[in-house]
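Visitor: Before anything else, here's the structure in question.
The values are calculated or read from the model by the stated rules, or taken from the named source; none is laboratory data. Please read these numbers as outputs of a predicted model, since none were measured by experiment. Ideal geometry is used to build each Cβ from the backbone, glycine not excepted, and the neighbour counts take in all protein chains shown.
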Amino acid sequence: MGETDDEAPAASVIVPVYNDPDGIDRTLSAVTDQTVPASEYEVLAVDNGSTDGTRAVIEDYCRRYPDLVDLVVADEVQGSYAARNAGIERARGEVFAFVDADAGVERTWLASVLDATETADYVGCDVRIDEPLSAGPVVAYNHVAEFTVERDLRRDQFAPTCCLAVRRRVVEDVGPFDERFRSSGDVEFGRRVHAAGFETAYEPSVPVYHPARSGRELIEKYVRIGRGIEQRQRLYPERFEQRPLVDWRALLPTVSPGKLQNSAESVQSDVDADLSLPTLAVFYLLDQLLVLATTAGRLAERVDPSEDRIDSAGRRVDASGCRV
């Protein structure tokens, strides 16, 4: 990690990115326009080996904000956790605020993050979907199922890295992310933080705005999640319960009018809105597809472990990119 000194900023905003010029433009536009004075924070845009115009976008922000934005090149290992670790290595702030390229934040976001980390060492913020609930059933599914940060912190002791802030002392104590992970690196890191006894908190008043994932992107995400489940069981068997490879009860659910009604009522309660029967049917189908995608990811990870993938230059490769 970068050395701190008397002139070190209060916060380091770390934004990993891979092949997403529009996304990094959106995020850098937001994080360079904060109510916190520019002298009190730094923005580290970590390019994870992009092959398009992403780096040019970052370089433009470096020219426009020479005392605020820095480009960090991290292309030895292509993977989101390796990119975040590269940002941590360069960071000088006392608080590390992680946000995904393609996410938006309000002008008061960083000030609110700094307030939250006064009383907690590890803070998960609220994630809100950009598109309205009425934009279609897949978007509605994103609203209901995609970013359950409060539940994740309470049940699984982690917050996703797209909305995470941690104090420097946390990383100094437990170490950075395990960059071997394709997915679930945030889970493993959060469990380490929890086990070390640091104060964790969910902060619903600090929103991060995230685009809704398409059906294809959801399936790709859950394939990665499946790989992550296998990785954490293989890499940390003492800390993660072994799961059966195939959960036949999930793959072949018992469908009954009563079960479907209970599921529909639960979904309606979660979103506090009346959803149409076709929308609820899409929810049900997506649930089943994502169970299959998770199982496919687990099978793929058993056949071809992520940390064993080597490219022609001798570098370990995780082609999942930075949006996890």
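Visitor: Taking Val187, is it closer than 30 Å to Gln34 by Cβ and free of Cβ contacts under 8 Å to residues at least 60 places away in the same chain?
Guide: Considered against the rule, which asks whether it is closer than 30 Å to Gln34 by Cβ and free of Cβ contacts under 8 Å to residues at least 60 places away in the same chain, Val187 comes out as yes.
Visitor: Now, a different point. On the basis of being aliphatic (A, V, I, L, M), surrounded by 19 or more Cβ atoms within 10 Å (Cβ to Cβ) and not assigned by TED's automatic domain parsing to the domain that holds Leu285, does Val149 make the cut? Before you say what the answer is, go through the steps one by one.
Guide: On the way: aliphatic (A, V, I, L, M): yes; surrounded by 19 or more Cβ atoms within 10 Å (Cβ to Cβ): yes; not assigned by TED's automatic domain parsing to the domain that holds Leu285: yes.
Criteria met by Val149.
Visitor: To continue, here is another question. Has the stretch 246-253 got at least one residue that is at pLDDT 85 or above, touching a helix residue (DSSP H, G or I) at 6+ places or on another chain (Cβ under 6 Å) and over 19 Å from Ala97 (Cα atoms)?
Guide: We begin by selecting, within the stretch 246-253, every residue at pLDDT 85 or above; these are none.
Looking through the stretch 246-253, none of the residues is at pLDDT 85 or above, touching a helix residue (DSSP H, G or I) at 6+ places or on another chain (Cβ under 6 Å) and over 19 Å from Ala97 (Cα atoms).
Visitor: Moving on. Taking Ser12 and the conditions (1) loosely packed, with under 15 Cβ neighbours inside 10 Å; (2) under 21 Å from the mean Cα position of the chain (by Cα), which numbered condition does it fall short on, given that it satisfies the others?
Guide: (1)
Visitor: Those residues that are among the aliphatic types (A, V, I, L, M), crowded, with 24+ Cβ neighbours inside 10 Å and in contact with a helix residue (DSSP H, G or I) (Cβ under 7 Å, 6 or more places away or on another chain), I need them from the stretch 78-102; list them, please.
Guide: Once the filter is applied, which keeps residues that are among the aliphatic types (A, V, I, L, M), crowded, with 24+ Cβ neighbours inside 10 Å and in contact with a helix residue (DSSP H, G or I) (Cβ under 7 Å, 6 or more places away or on another chain), the stretch 78-102 yields Val95, Ala97, Val99, Ala101.
Visitor: In the set Ala165, Ala120, Ala140, which member is assigned to a loop (DSSP other than H, G, I, E, B) and either touching a helix residue (DSSP H, G or I) at 6+ places or on another chain (Cβ under 7 Å) or not assigned by TED's automatic domain parsing to the domain that holds Val223 (or both)?
Guide: Working: Ala165 fails: assigned to a loop (DSSP other than H, G, I, E, B); Ala140 fails: assigned to a loop (DSSP other than H, G, I, E, B).
Within the list Ala165, Ala120, Ala140, the selection yields Ala120.
Visitor: Now for a different question. Please state which one of Asp70, Asp75, Asp60 is part of a strand (DSSP E or B), of a type outside the set (A, V, I, L, M, F, W, C) and in the same structural domain as Thr161 (by TED's automatic domain parsing).
Guide: None of the other options fit; the residue is Asp70.
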